[in-house]
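The values are calculated or read from the model by the stated rules, or taken from the named source; none is laboratory data. Predicted, not measured: the structure shown is a model, and the values here were computed from it. FYI the Cβ positions are ideal-geometry reconstructions off the backbone, even for glycines, and counts take in every protein chain you see. SASA here: full protein model, heavy atoms, side chains in, ligands and nucleic acids out. Shrake-Rupley method; radii C 1.70, N 1.55, O 1.52, S 1.80 Å.
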Amino acid sequence: MLHRVAVTRSTNDDLRALALDGAPHGTAILADTQTGGRGRLGRRWDSPPGANVLLSVLVRQPIPPSRLALVTLGAAVATATTCGPAYRIKWPNDVLASDGRKVAGILAEAEWTNGVPSFVVVGIGVNVAVAPPLPTATCLDADGTVHDRDTVADGVIRGVLLWSESLVDDPRPVLDAWRARSATIGARVRVNDVEGVALDLGDDGGLLVRTDDGQVHRVLAGDVAMVG
Ligand code: BTN
């Protein structure tokens, strides 16, 4: 079920509250405006009223805890696929246009009960008509066509549910779909204090980076910068 709201603080917070009240798998909230939109790593996510997709989707599936980080990678695949064939993913889940600028981001937040994940709120922001005033950001309409916000939201919701359901039985389809869309694998990157070539994804969704001394590091969180 899709709930539409005009103004809220954060759709992730609203959906978490609905989930704690027993909302089922697949419940989603789409907002016109957020007053306290949150991004990864404690950042803000700002967007002008009604221009973009501000969406949260509830994933309540028996996904093994070791695969939980892959929910966010599956959501990135869903979002990039909805945006179009030219869109790529920068690890872990920034969706980039072909010029390397960011068009969408994902903030997945898991709820744990007695050491077991009970649900994941997957928050997705897609710049549809307007990009924030940053040189590193763009929007879908920058390609000269007008995109329908509801159609984008619908595609993302379907994809998030499809990929997260696939994780119950097998992590490989998500990992392979992510690899096929990756802007990171094969590139020289710096993430946290590690610089080297991004080799691949680990089974847990971590990024494997080979530094110049030949060591392979597994990075579980951070911001990737392309270098060189
Ligand atoms: C990022 O790239 O840093 C992640 C951005 C996630 C933004 C979305 S917008 C809908 C949902 N509600 C939030 O407060 N954040 C996410």
Please calculate the 1.4 Å probe accessible area of His3, with all protein chains present, and give it to the nearest 10 Å². 60
Share of pairwise Cα separations in the chain, more than 28 Å, in percent: 26
Over the chain, with every protein chain in place, what whole percent of the accessible area is carbon and sulfur at 1.4 Å, could you tell me? 54
12 Å beta-carbon shell around Leu30, net charge (K/R +1, D/E -1): -2
How large is the accessible surface of Ser166 in square angstrom, using a 1.4 angstrom probe and rounding to the nearest 10? 30
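From Cα pairs below 8 angstrom and at least 6 apart in sequence, can you work out the relative contact order of the stretch 1-130, rounded to a whole percent?
25
Sort Glu111, Glu165 by accessible area with a 1.4 Å probe, largest first.
Ranking Glu111, Glu165 by accessible area, largest first, yields Glu165, Glu111.
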With springs connecting C-alpha atoms under 10 Å apart, model the chain as a Gaussian network and identify which of Gln61, Gln215, Gln34 has the largest mean-square fluctuation. Gln215
Using a 1.4 Å probe, what is the accessible area per residue for the stretch 55-101, in Å²? 31
All alpha-carbon distances of the stretch 1-95, grouped into 5 Å bins from 0, give the whole-percent distribution 3, 12, 19, 22, 25, 15, 4, 1
Where Lys and Arg each count +1 and Asp and Glu each count -1, what net charge lies around Leu167 among other residues with Cβ under 15 Å from its Cβ? -3
Mean-position separation - Cα centroids, the stretch 2-50 and the stretch 116-136, in angstrom: 10
Give me Rg/Rg_expected for the stretch 47-123, where Rg uses Cα atoms only and Rg_expected = 2.2 N^0.38 Å with N residues. 1.21
The chain: relative contact order as a whole-number percent, Cα under 8 Å and 6+ apart: 18
Give the ranking of Asp21, Asp150, Asp170 by solvent-accessible surface, highest area first, calculated with a 1.4 Å probe. Asp21, Asp150, Asp170
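Membrane-span-like helices in the chain: DSSP H runs reaching 24 Å or more (Cα, own axis), mean Kyte hydropathy at least -0.5?
Within the chain the helices that satisfy the rule are 149-166.
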Dipole moment magnitude, nearest 20 debye, the stretch 56-133 about Cα centre, only Lys, Arg, Asp, Glu C-beta charged: 140
Residues with beta-carbon under 11 Å from that of Gly123, excluding Gly123: net charge, scoring Lys, Arg +1 and Asp, Glu -1? 0
